[in-house]
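The values are calculated or read from the model by the stated rules, or taken from the named source; none is laboratory data. Remember, it's a predicted structure, so these values are computed and weren't measured experimentally. No Cβ is skipped: glycine too gets one built from the backbone with ideal geometry, and neighbour counts run over all protein chains shown. Keep in mind that these areas ignore ligands, DNA and RNA; they rest on the heavy atoms of the full protein, side chains included. Shrake-Rupley method; radii C 1.70, N 1.55, O 1.52, S 1.80 Å.
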Amino acid sequence: MLTAYTTDQIRTAESALMARVPEGTLMDRAATGLAVVCARTLGQVYGSRVVLLVGGGDNGGDTLHAGARLASRGARVDAILAGARVHGAGLAALRRAGGRVTDLRGATASEGGPAASPGSVSGGAGPSPGAAAGELIRAADLVVDGLVGIGGAGALREPYATLAGLAGEAPGAVVAVDVPSGVDAGSGLVDGAAVRADVTVTFGAYKIGLLVDPGAGRAGRVELVDIGLGPYLPDPEVTALTGADVALMLPRPDAGSDKYSRGVVGVAAGSHEYTGAAVLAVGGAIRTGAGMVRYAGAAEPVAQVRARWSEAVITPLRPGEGIDGVGRVQAWVLGPGLGAGPESLAIARSVLASDVPVLVDADGLTLAAQDRSILRRAAPVLITPHAGELSRLLDVPRARIEARRLEHVRWAASELGVTVLLKGSTTLVAQEGRPVRVNLTGSPWLATGGTGDVLAGIAGALLAGGLSGYDAASCAAHLHGIAGQHGPLAAWDVLEALPGVIGSLADRLGQSG
């Protein structure tokens with residue numbers, strides 16, 4: 001399981017470690033790890049052109065020391081100093097290794113030569129430092145973003161904002177140091193310009209902003225460098241399941257299993273307008289391995305489900321009828337394509353009056369937004385909104401939720417008293433008193449009609465199989481993401497991929513065991 005931490009948690013751990021090791025140890029470890037990743041990214045260090053974007057403080061120091069290591073291996077390293085301060089020891093190390101410096105504060109210098117006059121570059125008259133920075137970046141094989149570390153918050157100021165934009169013009173890779181500049185390390189919030197990295201080298205522990213969009217979308221591949229923080233870190237604020245974690249959690253049949261012990265899930269979904277939602281939700285549950293699926297709905301979706309899923313046990317519902325005659329289930333899926341009229345509300349109230357866990361999705365959430373009290377019940381509730389649905393439940397603008405997903409998923413779990421799976425570019429799972437879980441699988445190909453209905457069926461099957469809402473939501477998002485990783489695809493493609501995804505995880509568990 002991956003664990004991620006707030007800025008304050010990281011700083012406290014760093015302070016505790018620094019009190020126990022010689023001065024400079026942490027920076028040496030960080031710079032070494034950064035240089036290793038940069039070298040690997042370059043492939044060939046000797047003769048390569050590396051540009052360092054250097055801010056003040058320790059983040060800039062890490063960058064300069066790593067640049068010195070690359071310069072000593074034959075890279076041409078140019079450091080662009082953008083901060084009001086510069087890390088003296090790091091700058092001296094870079095110059096000793098033969099690195100060159102462009103100072104955006106008004107002067108440039110290289111090792112062995114005097115500082116150039118303001119408005120020039122080393123070696124004589126030339127373009128302004130800002131123009132020189134652009135030229136260097138556009139010729140670089142590698143750009144290292146060391147402008148702002150974990151302490152950065154809010155929009156980037158100049159010249160940082162301009163340099164962040166210029167980094168996007170580099171022909172080679174961009175490597176961010178700890179977090180991409182412009183990304184809030186503690187939340188993933190991006191307010192204005194921000195570096196878009198191919199690789200982010202983060203030190204000691206994952207920062208929350210590297211896992212949660214929009215920051216996660218700027219981080220590229222994240223590589224963790226161990227600097228010894230582990231013993232000093234508290235419980236994490238955010239976690240992420242790996243494939244191995246999910247494999248261990250998934251319900252698995254044994255020699256004594258029958259269809260009832262494997263979990264019976266009820267599905268109340270679909271309407272004469274949205275028959276496909278019922279077919280997809282039932283299919284998601286069946287393909288995830290539910291022991292039995294009981295479907296209850298109106299005549300039109302009943303016909304579609306019966307035609308496609310002969311395994312399902314079907315109960316047609318008359319207008320206004322509840323689910324009393326459906327039979328015993330271990331969990332319900334409520335809402336995909338159900339509609340939001342009085343007849344749908346009657347079904348929703350009937351399902352939520354049961355004593356088993358209920359997953360509420362789509363139109364079920366529309367009904368709940370009209371009367372949130374229907375979510376208050378003794379048995380567990382898992383809701384699976386996208387940002388628009390959550391905005392109606394919380395009465396806040398959708399754009400605010402999209403910008404601050406972590407904040408709002410926590411608030412929703414607390415305010416509504418439910419487990420929340422917030423769908424989107426970063427899918428998050430929140431339950432009060434537990435770390436928020438980030439789903440690391442998935443792709444933009446899943447942004448197509450019907451995939452959410454499949455996800456509801458997957459999670460419903462896992463609820464019926466005995467997982468908690470927190471674990472069912474987390475595992476469902478993981479499976480759904482892998483099944484939808486390659487496109488173009490339709491919702492049915494996700495259904496067809498599910499058995500292979502689950503089988504692959506089971507095989508991995510068997511090999512490790």
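The spacing between region 393-456 and region 1-67, judged by their C-alpha centroids, is 32 Å. Of the solvent-accessible surface of region 1-56, computed with a 1.4 Å probe over protein heavy atoms with every protein chain present, carbon and sulfur atoms account for 52 percent.
On the beta carbon distance between Val21 and Glu273, with R0 = 56 Å, the FRET formula returns roughly 0.30. With R₀ set to 51 Å, the beta-carbon distance separating Glu169 from Arg376 gives a calculated FRET efficiency near 0.45.
Scaled against the 2.2 N^0.38 Å expected of a compact globular protein of N residues, the Cα radius of gyration of region 331-476 reads 0.94. Here region 125-221 has an Rg and Dmax of 13.1, 46 Å, counting Cα atoms alone. In terms of packing, defined here as the mean over residues of other Cβ atoms within 10 angstrom, the peptides 484-493, 372-381 line up highest first as 484-493, 372-381. From the Cα gyration tensor of region 305-353, with a ≥ b ≥ c the square roots of its eigenvalues, which class applies: rounded if a/c is under 1.5, or else prolate if a/b is larger than b/c, or else oblate? Prolate, since a/c reaches 1.5 and a/b exceeds b/c. Taken about its Cα centre, region 367-513 carries a charge dipole of about 400 debye when Lys and Arg each add +1 at the Cβ and Asp and Glu each add -1 at the Cβ. How far is the Cα center of region 177-216 from the Cα center of region 255-302, in Å? For region 177-216 versus region 255-302, the Cα centre distance is 40 Å.
Per residue, region 453-513 exposes an accessible area of 34 Å² to a 1.4 Å probe, with every protein chain left in place. Accessible-area rank, largest first, for Asp453, Asp395, Asp371: Asp395, Asp371, Asp453, with all protein chains present and a 1.4 angstrom probe. Here the simple spin-label model places points 7 Å from the Cα toward Cβ, and for Ala346 and Ser443 these points are separated by 4.5 nm. Projected label points at Ala506 and Glu415, each 7 Å from Cα along the beta carbon direction, are separated by 4.1 nanometres.
Here is the size of region 235-318 from its Cα atoms: Rg then Dmax, 16.1, 51 Å. Antiparallel beta bridges, as assigned by DSSP with both residues in region 296-454, represent about 35 percent of the total such bridges. Contact order, relative form, for region 162-207: 44 percent (alpha carbon pairs under 8 Å, 6 or more residues apart, mean separation divided by residue count). Expressed as a fraction of 2.2 N^0.38 Å, the value expected for a compact globular protein of N residues, the C-alpha radius of gyration of the chain is 1.14.
Scaled against 2.2 N^0.38 Å for its residue count N, the alpha carbon radius of gyration of region 420-513 is 1.06. Each Lys and Arg contributes +1 and each Asp and Glu -1, all at the Cβ; summed about the Cα centre of the chain, the dipole is approximately 500 debye.
On full extension, the segment bounded by Asp355 and Thr3 gains 123.3 nm, given 0.36 nm per residue less the C-alpha separation.
Across His386, His87, His478, the residue with the most accessible area heads the list, and the full order at a 1.4 Å probe is His386, His87, His478. For region 157-203, dividing the convex hull volume of the Cα atoms by the residue count gives 68 Å³ per residue. When both bridge partners sit in the chain, DSSP labels roughly 20% of those beta bridges antiparallel.
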